[in-house]
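Here is the structure we will look at, set down as structure tokens.
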Protein chains: 2
Amino acid sequence: MFNFDYIGGIIVNIKDNLLKICCANACFTIDFHCIQCDFEKYIDSIKDLVAYSFEEMDALENGAIANPDEQRMVGHYWLRDTSVAPTEWITWQIDSSLLQITDFTEKIHTGEILSSSGTKFRNLIVAGIGGSQLGFQFIADAMKNMEYKMTPYTIDNNDPDGIELILRKINDQLSETLVIFISKSGSTIEIRNMILELQVAFSTKKIPFEKHFIAVTMQGSPMEKVAREENWLNVFPTWDWVGGRVSVFSSVGLLPLALLGISINDLLFGAREMDKITRNKTVINNPAMLLSVAWKYFKEERKITTMVTLPYKDRLSFFSRYLQQLVMESLGKNKTRQGEKTCTGLTVYGNKGSTDQHAYVQQLREGICDFFTLFLLVKKDRDNIAPIVNHSTITTGDYLWAFCLGTQKALFEKNRESILLTMDKISPTVIGALIALFERAVGFYAYMLNVNAYNQPGVEAGKICAEDIISLQEKINIFLSQKKYIELTVEEIAQSIGSDDLRLVSYLVEHYRANH
Amino acid sequence: MFNFDYIGGIIVNIKDNLLKICCANACFTIDFHCIQCDFEKYIDSIKDLVAYSFEEMDALENGAIANPDEQRMVGHYWLRDTSVAPTEWITWQIDSSLLQITDFTEKIHTGEILSSSGTKFRNLIVAGIGGSQLGFQFIADAMKNMEYKMTPYTIDNNDPDGIELILRKINDQLSETLVIFISKSGSTIEIRNMILELQVAFSTKKIPFEKHFIAVTMQGSPMEKVAREENWLNVFPTWDWVGGRVSVFSSVGLLPLALLGISINDLLFGAREMDKITRNKTVINNPAMLLSVAWKYFKEERKITTMVTLPYKDRLSFFSRYLQQLVMESLGKNKTRQGEKTCTGLTVYGNKGSTDQHAYVQQLREGICDFFTLFLLVKKDRDNIAPIVNHSTITTGDYLWAFCLGTQKALFEKNRESILLTMDKISPTVIGALIALFERAVGFYAYMLNVNAYNQPGVEAGKICAEDIISLQEKINIFLSQKKYIELTVEEIAQSIGSDDLRLVSYLVEHYRANH
């Protein structure tokens, strides 16, 4: 089977634990050689579960309420192929948002829409957090060998110091800067704070912010309302049937990527083609189902629920963080789809090879064995001609491959198992396909774990606790601003504001004092 | 106890599980409130182990062969206080290297040493991998709110594509660029490849590379030899008694940091002061020992060996990666100090808060509970005046604190335990102290685990496997370059070069074909 067919098509020999697929004119291999599992047997042993996952995924794609906790459909697969969307209304919404993106982007690039100072927009700030930011960050970083049409900056945190640093970098070019604020619900506090911080920054420089601000949000959301009232430059839609962590192919990801000049058609094409391949009901020909089966094997047979992710390519180092969010937020749940108690998850961490070999591979090989590894390799080494780095024919790229394959071997010698994924090169098509592959693998695996992959109730809990703390901080701020010159103990302050949580009050008092 | 003394000194009440220390004019607190452990009792139950760790650490600091596998002393604590070095010769070596750094840096900054084009050096490339790079990256990133004296670039991987991207960014300023290559042994393949790649880049632009290259390496190493023969601009020392992952206070970290304009005296002062505090034999007054005790508790009592690291500050996001390397390479071992079989480790991963709340906190709160969390908070929010982001007194910084404290609370409600570390602000002194704190905590904990924290035999194994693969790639490269126009199967190629590893040969053939 290793006599590879270079023309394409699917060739698979599950005995050798390798699947090769040709997707969107690019070649991918998924290699389970370094897993001690007879996959033919294992697949057979869970065939009912596999069939169930396929069925549920079909139902999801056909428009079922696949996220029952939020009473929502789950439609990210429709974004790249509107012909499979369940209603004409959805098809129309997606198609018209793509037109809106293309039209707006062209006007920005040609200068038909100019900044408030009358010049072309040259900088782009993408302000979002979590899922609505990571897809953009991953793809933009992967394509950074091209000449972007605008200089990108990201604000991805509610850290005032971090926001100041970005603004300082942009410095006197703020008047040529476009800002996209992304919040599906339009009520994310972090995004609200980013908007207010940037309004102050623009106003301080006497730049009319509304001519620079764009909202990406659901229709009727609080953010849309503000954007309309304040007459922002534009508003782009997203929908309740697109979750944050799978939103990269909606305006959330496509608008900023298109503004950089990255081909969103190629991204969508790659994802669409991978969707076709991963709808295949023959497990051994379906890379997404094979990944899901492998994760199931690790959980059940090896009691391992941690996947170290090691792309051997600087431009893919963000993939680990992208995947961390997609996987952990989708799979880390405490309720089954029927509402019974469970406890699931798949931890993902990693940065890039060969760098990380000098960070934590020591522990991977010799320390606690609580993980498996996902290696990623790209065949094409570089754009320019490679110098030879030894006495003969060897290049730096040859070494990169040898470090990856060598590390995989050194780990397997010590019974540390791994998956190896290769791809031809990095391009929008390939990245689109890669994202679609993992989106569906996570979807399948959630059905195997019997959890809802599309809700995130645990995130809410932190927000509620934070709001209580904000109320307390507010009381402290007001109280202390009136007692500037009086020495008070924390006990006295707590008593005055009616709190008995001395620990919390002392933290908030210290925080106040450090900043006033 | 929460009636904090703002003047300083150590105040501790272990019943409340909080230690407050004043170190180098900065205040730190370490808070174990969200751990369900009676620390007084627990410390008492392991008091022999604690005493043993203190003794062994004393011996290490006094010059014992604390890394017996490599027959080496372990001397990173001497780097910040030469008065405690075991010999005058070592004291002299450290002192003179500091003088060399200060002198050279001044000459670069004043222009007494100019680039080969006769202009001032304005860019700095730091080329290293793993421990010799992460300390610099962490500190430079933490201090990026200042105006650096040179623009920093890092090459931290053997990825030719990544190297090309850095060179493209520098573009026509290569003739004003200084490059520091860091390799303690002077024989790291990745660094050799970086040198060769950059020699080609400089030569292509007809720039004499030797007037731009600097080596940081041990005396007598292969890299020193090359640097001397080729007449590089300078060579700075490091020593066999400084491991890569604790080398940041040797020339490895101090030289590039000084070149950026970061105060290395302040860094050393912070570390030195924290060393004094963490030599205290009273456990409840010693933050490094307390951290080590907490890790021990998690391992023994909760069977947890994963620490999620969440600094709520963009400028500390690199801390998670720095700590990952320090902790995992030091503690992930398969042999006790007596050579018996064991299996140890402490997994570290994380990026930053509140961003990561929207990535994986869902799994942390509701999914598998195989971790504890280390939260980091900085009291000082920002350099500029904060706008108010609600109707009353609340700032973005207040929200950042509330998100952190709220997330800690939401996790603890579900029995997810955590440590909370606060510091006043980010400065070289504070960062120096922070690094020293964790260096010693890791050192103590390695004694508790009874492993050598200062070797890394598992890293070697991957290198050996990689060399075998390079030999095979070489045969394939030569063979295929002679058969350009002949169709061959992988079996035929394997047979011709005398290999029976069809899987490996097919990968290397594909890699060759993608790049020729």
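Some values worked out for this structure:
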{"read-out": "Enumeration of residues in segment A:395-422 that are among the aliphatic types (A, V, I, L, M) and either within 9 Å of chain B (Cβ to nearest Cβ) or surrounded by fewer than 23 Cβ atoms within 10 Å (Cβ to Cβ) (or both)", "value": "A:L400, A:A402, A:L405, A:A410, A:L411, A:L420, A:L421"}
{"read-out": "Test: residue in segment B:471-485 that is part of a loop (DSSP other than H, G, I, E, B) and either among the β-branched types (V, I, T) or closer than 23 Å to A:F412 by Cβ (or both)", "value": "no"}
{"read-out": "Total residues in segment B:483-497, condition aliphatic (A, V, I, L, M) and over 45 Å from the mean Cα position of the chain (by Cα)", "value": "2"}
{"read-out": "Cross-chain or 6+ apart pairs with Cβ under 8 Å, segment B:246-268 first and in contact (Cβ under 8 Å) with a residue 12 or more places away in the chain, then of a type in the set (D, E)", "value": "B:V246/B:E439; B:G261/B:E147"}
{"read-out": "Only listed residue being surrounded by 16 or more Cβ atoms within 10 Å (Cβ to Cβ), hydroxyl-bearing (S, T, Y) and touching an Asp or Glu at 6+ places or on another chain (Cβ under 7 Å), chosen from A:Y77, A:Y153", "value": "A:Y77"}
{"read-out": "Evaluation of B:Y454 against (1) in contact (Cβ under 8 Å) with a residue 40 or more places away in the chain; (2) away from chain A (no Cβ under 13 Å); (3) not β-branched (V, I, T) (one fails), failing number", "value": "(2)"}
{"read-out": "Subset of segment A:236-271 (residues that are touching a strand residue (DSSP E or B) at 6+ places or on another chain (Cβ under 8 Å) and among the acidic types (D, E))", "value": "A:D240"}
{"read-out": "Residues being in a loop (DSSP other than H, G, I, E, B) and under 16 Å from B:A446 (Cβ atoms) - total across segment B:53-72", "value": "3"}
{"read-out": "Residue in segment A:475-498 that is buried (at least 18 other Cβ atoms within 10 Å of the Cβ), at the interface with another protein chain (Cβ under 10 Å from one of its Cβ atoms) and closer than 16 Å to B:T407 by Cβ present", "value": "no"}
{"read-out": "Qualifying position, being of a type in the set (K, R) and closer than 19 Å to A:I129 by Cβ, among A:R168, A:R245", "value": "A:R245"}
{"read-out": "Count of residues meeting criterion [in a loop (DSSP other than H, G, I, E, B) and either surrounded by fewer than 24 Cβ atoms within 10 Å (Cβ to Cβ) or among the basic types (K, R) (or both)] in segment A:288-316", "value": "4"}
{"read-out": "Verdict on B:V459 being among the β-branched types (V, I, T), without any contact (Cβ under 8 Å) to a residue 60 or more places away in the chain and closer than 23 Å to A:G353 by Cα", "value": "no"}
{"read-out": "Residue satisfying condition, being modelled with pLDDT under 95 and more than 19 Å from A:A142 (Cα to Cα), within set A:I385, A:I304", "value": "A:I385"}
{"read-out": "Contacts under 8 angstrom Cβ, first residue in segment A:105-131 being without any contact (Cβ under 8 Å) to a residue 24 or more places away in the chain, partner of a type in the set (A, V, I, L, M, F, W, C) and buried (at least 16 other Cβ atoms within 10 Å of the Cβ), 6 or more apart", "value": "A:K107/A:I113; A:L114/A:F121"}
{"read-out": "Segment B:109-136, residues that are closer than 20 Å to B:T217 by Cβ, touching a strand residue (DSSP E or B) at 6+ places or on another chain (Cβ under 6 Å) and at pLDDT 95 or above", "value": "B:L124, B:I125, B:V126, B:A127, B:G128, B:F136"}
{"read-out": "Matching entry among B:K484, B:K475, B:K463 (being charged (D, E, K, R) and under 30 Å from B:L60 (Cα atoms))", "value": "B:K463"}
{"read-out": "Test for A:A461: is it crowded, with 18+ Cβ neighbours inside 10 Å, over 30 Å from A:K47 (Cβ atoms) and more than 29 Å from the chain's Cα centre (by Cα)", "value": "no"}
{"read-out": "Residue match in segment B:19-38 (condition: crowded, with 17+ Cβ neighbours inside 10 Å and without any contact (Cβ under 8 Å) to a residue 60 or more places away in the chain)", "value": "yes"}
{"read-out": "Selection count, segment A:314-353, where residues are more than 18 Å from the chain's Cα centre (by Cα) and facing chain B (nearest Cβ under 7 Å)", "value": "4"}
{"read-out": "Filter pass, A:I435 being in contact with a Phe, Trp or Tyr (Cβ under 9 Å, 6 or more places away or on another chain), buried (at least 24 other Cβ atoms within 10 Å of the Cβ), hydrophobic (A, V, I, L, M, F, W, C) and in a helix (DSSP H, G or I)", "value": "yes"}
{"read-out": "Qualifying residues in segment A:156-185 (those that are within 12 Å of chain B (Cβ to nearest Cβ) and touching a residue at least 40 places away in the same chain (Cβ under 8 Å)) - the one nearest to B:E147 (Cα to Cα)", "value": "A:I166"}
{"read-out": "Looking only at segment A:91-132, and only at residues there that are of a type in the set (S, T, Y) and over 17 Å from A:M150 (Cβ atoms), the one that is nearest to the other protein chains (Cβ to nearest Cβ)", "value": "A:S132"}
{"read-out": "Number of the condition not met by A:I139 [criteria: (1) crowded, with 18+ Cβ neighbours inside 10 Å; (2) out of contact with any strand residue (DSSP E or B) (no Cβ under 6 Å at 6 or more places or on another chain); (3) away from chain B (no Cβ under 14 Å); (4) more than 30 Å from A:G63 (Cβ to Cβ)]", "value": "(4)"}
{"read-out": "Filter pass, B:G443 being assigned to a helix (DSSP H, G or I) and within 12 Å of chain A (Cβ to nearest Cβ)", "value": "no"}
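Okay, residues lined up against (1) out of contact with any strand residue (DSSP E or B) (no Cβ under 7 Å at 6 or more places or on another chain); (2) closer than 26 Å to A:E467 by Cβ; (3) among the basic types (K, R):
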{"position": "A:L167", "(1), (2), (3)": "yes, no, no"}
{"position": "A:N171", "(1), (2), (3)": "yes, no, no"}
{"position": "A:K184", "(1), (2), (3)": "no, yes, yes"}
{"position": "A:V200", "(1), (2), (3)": "yes, yes, no"}
{"position": "A:M218", "(1), (2), (3)": "no, yes, no"}
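Each row is one residue, and each column tells you yes or no for (1) under 19 Å from B:F444 (Cβ atoms); (2) over 24 Å from the mean Cα position of the chain (by Cα); (3) exposed (fewer than 14 other Cβ atoms within 10 Å of the Cβ).
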| position | (1), (2), (3) |
| --- | --- |
| B:K47 | yes, yes, yes |
| B:E88 | no, yes, yes |
| B:T105 | no, no, no |
| B:E112 | no, yes, yes |
| B:V126 | no, no, no |
| B:S132 | no, no, no |
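The values are calculated or read from the model by the stated rules, or taken from the named source; none is laboratory data. Owing to the predicted nature of the structure, the values given are computational and were not obtained by experimental measurement. Please note: Cβ atoms are built from the backbone with ideal geometry, for glycine as well, and neighbour counts cover all protein chains shown.
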